[in-house]
Amino acid sequence: MKAHRDITIMLSALAAALLGACDTEDLAMSPGGNPEAEDDAGAPTLDEAFAEDDTLENLYIHVVPREDDGSMLLGLPKTFGPFPLGDHVELAIPAAQPFTGTITSERVLTWSGVTVPTEELPAEGNLDLLHVETGRLFTYPVDALGGFEALVPEGAYELVARPRSASLTMARSMFQIGADDHLEWHTGLGRPIWGRILDVDGEPLGGVEVYASTPSGSRGPTATTDDLGWYQLRAADMDTFQLTVVGEAGRRLPDLMLHDVHLGAEGQRLDVHYPPTDLIDLSLTLRDPGGKNAANVLVQIRATRLDGYDNEQVSSRYTEELRTDSRGTIFTRVPAGSYTVEVLMEHDDPRGTPEPFALDLSEDTDAPVVRIPAMTTLEFFVADPAGLPTPRVVMQCTELWGNRRTWSTTSAADGLVLLDVPDQPLHCRLTPPPELGYATRSFYLVDEPLPEVVQLRDGFPLTGEARVVRGSASTPVSYGMVQVMDADGTILAVTSTNADGYFEVSLLPFMPSGSTSDTGAP
Amino acid sequence: MRSFAKWYGLCTLLPLSGCFYFLPVEVPVGNQPPQIAVPESNPATLTIRGDTVTLTVMARDPDPEDTIEFLWSDLDGVPHEQHDYAAQDGLMASSVTVTDVRALRSSQVRCVVLDNEGHTTMARWNLVAQ
């Protein structure tokens, strides 16, 4: 049986090669709905592209050291690049530095409209550390005594103290973190952000949550409006901020975001008055692949625009998550506007995910019926450039929407790949064992079936070594994950370092922008 | 073994018609489960720093014809990214990054490494909050 399969695969590979069916272009499926890919019929092939430009630019490498090695030289994930393909790259990951300290604030007491500072208190809550160079955000807890113990790379950071209590001050500061730094930070009283929240009839909304955020996205403590609709927050060292009023699905009130608010010398009063809006009935029905009712499936409804809400200063956000009933139906009433409906299948659900779709709900609409895609089996042989069966090739496919679930397997000794996947567009990757030197294949699986034999190609090597460095000492990143990406962040290949921090991966060259590519982003 | 050598030597010296002996019995080795190379300890202990955590399991199957799959059953319903790939040194690997550790239901995460013969091995991590 095995010999038969071997002969079959070799004959298939030969026939495919003669017919051109195994050529790169057959695998280079354009992502669905990409007009650029479809329009650019005159684009060069991969080989032509490589002939034109054999120096590949904008190749990025993301290294994820293992977190369970217990080393004091622990490094944090880092992206390097750009690199040209073919180089041997040395990747030095700065060791994380202990950064400790305490954060205190002043509690205020408001009594009969008079605000009185009381005492210095620990700012229990969280500390955000935004690494300025990379934009990476680290969040560490601040304990009941105001202490924190962080482990971050050296560099310049935006620190945001986010106490849990709204009566304490949210504060922002810049700090250069070096080796074993310690910070004693007293944020002070800050300045008030206060106002009143009113419903569509002008009545005060009690029990509504309000919070401020920095422009970089750090979210401060949450205040709750009193019975008269009043709230108060405090902030220090924040010239501008965003105020968010958390809506209530039960009252059909969306979240409202007030952007680029200036925090004046005396603080800032911000009143929010919800505008009148229509409520629209929304129902839809889910059917499973066999046409039966799909019960207990999670559906997310997300507004992209709400009538009467959005302008330059204010935007809105309205989201509901519902599960289908025994008839496969959801029913709700939502503020009028434009919506996106997304079905979120459980990770172990043996069915596909319907494509998200838009609904204009400015008036009552007919209830749409959505069909869940069935599963299908991908069955093909993987062959090396000589047409011989290639075992131990990892095939992984990922959904383009929903929970972005993945399915994977490895090719058997005869090169056979059998993988059950949903019958919907997927992004797939074929990763040969690095020691074989064949290129990783990354492609979109849309409507076209895979050929019977997928032939690997000789790749262009990219080798490197990753080490975590602290001062003059360094230690290899052993068995860390290495991702190779293009400038758009599309992952072209994934491999690991070995015990000595060495890695090797083979790639195909990039395609010029706009051409049909097996490595392009959707 | 020494007694067998004595017997064989004596047999060849004596005018006997032939020397017979028994071949060692070959014990057939059945299909074996995958072997985990990383993490080295099982369960492994991992301290969570920040909101995300990445777990990596690397394994190989002693039977060269077997395929391997990785099942992260504790992550159903937990937002995560999974990458399965061929690692260095002939290892198969699966790395998951849990993008919000607060969504984890337990401080223990398990990954079942399954070969196509149905044999399994399990990697476990005990997550410790800092």
Q: Find the residue count for the stretch A:297-328, including only residues that are under 30 Å from A:M375 (Cβ atoms), more than 14 Å from chain B (Cβ to nearest Cβ) and surrounded by 18 or more Cβ atoms within 10 Å (Cβ to Cβ).
A: 4
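Matching residues to (1) under 20 Å from B:S95 (Cα atoms); (2) surrounded by fewer than 23 Cβ atoms within 10 Å (Cβ to Cβ); (3) at pLDDT 90 or above:
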site	(1), (2), (3)
A:P461	no, yes, no
A:V469	no, yes, no
A:P476	yes, yes, yes
A:G480	yes, no, yes
A:I491	yes, yes, no
A:Y502	yes, yes, yes
A:L507	no, yes, no
A:G514	no, yes, no
Q: Mind listing just one residue for me: the one in the stretch B:46-60 that is of a type in the set (D, E, K, R) and facing chain A (nearest Cβ under 7 Å) and, of those, farthest from the chain's Cα centre (by Cα)?
A: B:D51
Q | Of all residues making up the stretch A:129-147, the number that are buried (at least 21 other Cβ atoms within 10 Å of the Cβ) and under 29 Å from the mean Cα position of the chain (by Cα) | A | 4
Q) Filter the stretch B:9-54 for residues that are surrounded by 12 or more Cβ atoms within 10 Å (Cβ to Cβ) and at pLDDT below 65; which is nearest to B:A103 (Cα to Cα)? A) B:C19
Q) Hey, among the residues in the stretch A:345-370 that are small (G, A, S) and within 23 Å of the chain's Cα centre (by Cα), which one's surrounded by the fewest Cβ atoms within 10 Å (Cβ to Cβ)? A) A:A358
Q) Looking at the stretch B:61-71, which of the residues that are without any contact (Cβ under 8 Å) to a residue 40 or more places away in the chain and within 9 Å of chain A (Cβ to nearest Cβ) is farthest from the chain's Cα centre (by Cα)? A) B:E65
(Q) Are there strands (runs of 3 or more DSSP E) fully within the stretch A:274-318 with at least 2 residues that are charged (D, E, K, R) and either in the same structural domain as A:P350 (by TED's automatic domain parsing) or touching a residue at least 60 places away in the same chain (Cβ under 8 Å) (or both)? List them. (A) A:279-287, A:298-306
Q) Just a yes or no: is a residue in the stretch A:143-150 within 14 Å of chain B (Cβ to nearest Cβ), without any contact (Cβ under 8 Å) to a residue 24 or more places away in the chain and farther than 12 Å from A:Q97 by Cβ? A) yes
Q. In the stretch A:389-432, which residues are facing another protein chain (nearest Cβ under 9 Å) and among the charged types (D, E, K, R)?
A. A:R392, A:R404, A:R405, A:D414, A:R429
Q | Selection from the stretch A:341-373 of residues that are at pLDDT below 95 and of a type in the set (S, T, N, Q) | A | A:S362, A:T365
Q) Is there a residue being touching a residue at least 24 places away in the same chain (Cβ under 8 Å), more than 10 Å from every other protein chain (Cβ to nearest Cβ) and within 13 Å of the chain's Cα centre (by Cα) anywhere in the stretch B:85-103? A) no
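The values are calculated or read from the model by the stated rules, or taken from the named source; none is laboratory data. Computed from a predicted structure; not experimentally measured. Neighbour counts run over all protein chains shown; Cβ positions are idealised from the backbone, glycine included.
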